[in-house]
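The values are calculated or read from the model by the stated rules, or taken from the named source; none is laboratory data. None of these values were measured; they are calculated from a predicted model. When we count neighbours, we look across all protein chains shown, and the Cβ atoms used for this are built from the backbone with ideal geometry, even at glycine.
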Amino acid sequence: MSYAVVKFLDEADDDEEIVSEVPLSWLVKDNKFCRWPSEKYAHIYIAKNFPPKDDWQEYPVEVEYICGNYIILIVFKIVIKFK
C-alpha cells in the first residue's frame with residue numbers, strides 16, 4: 001500500500017497549510033488533484049487504504065512525499081507541518 005503526503009492548494013486558511021496523508025489511488029490527473037470523501041470518517045478511509053468513489057470531490061494538491069510505509073509517512077507529515 002502506497003501513500004502520499006499532499007498539500008491542499010485551495011484550502012489553506014490564512015497562513016496555515018492543509019496537509020494530509022492519502023492513498024495513492026486518491027490522486028488523479030497526473031497527481032495534481034486528490035479525491036476526498038465528504039464523510040467525516042476520512043481518516044479511517046485513509047488508514048484502511050479505501051479506494052476512492054466516483055462521487056468524491058476533487059481538490060488541487062501538491063504532492064510532498066510518496067512512501068510505501070504508512071507509519072514513516074505519518075512521521076514525514078509531522079515534519080512537513082512543523083518545518
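Annotation: of all residues in region 49-68 being part of a strand (DSSP E or B), more than 11 Å from the chain's Cα centre (by Cα) and surrounded by 15 or more Cβ atoms within 10 Å (Cβ to Cβ), the one that is modelled with the highest pLDDT is Glu58.
Being under 15 Å from Tyr3 (Cβ atoms) and buried (at least 17 other Cβ atoms within 10 Å of the Cβ): is that true of Ile46 here? Taking the combined requirement at face value, the residue satisfies it.
For region 1-20, state whether one or more residues are among the polar types (S, T, N, Q) and over 16 Å from Leu73 (Cα atoms). So far as region 1-20 goes, no, none of its residues is among the polar types (S, T, N, Q) and over 16 Å from Leu73 (Cα atoms). Within region 1-41, being small (Gly, Ala, Ser) and over 19 Å from Cys67 (Cα atoms) holds for Ala12, Ser38.
Looking only at residues of region 8-46 that are outside any strand (DSSP E or B), among the aliphatic types (A, V, I, L, M) and within 19 Å of Val63 (Cβ to Cβ), we find that the one that is modelled with the highest pLDDT is Leu24. Ile71 - would you say it is of a type in the set (Val, Ile, Thr), within 11 Å of the chain's Cα centre (by Cα) and outside any strand (DSSP E or B)? No: the conditions fail for Ile71.
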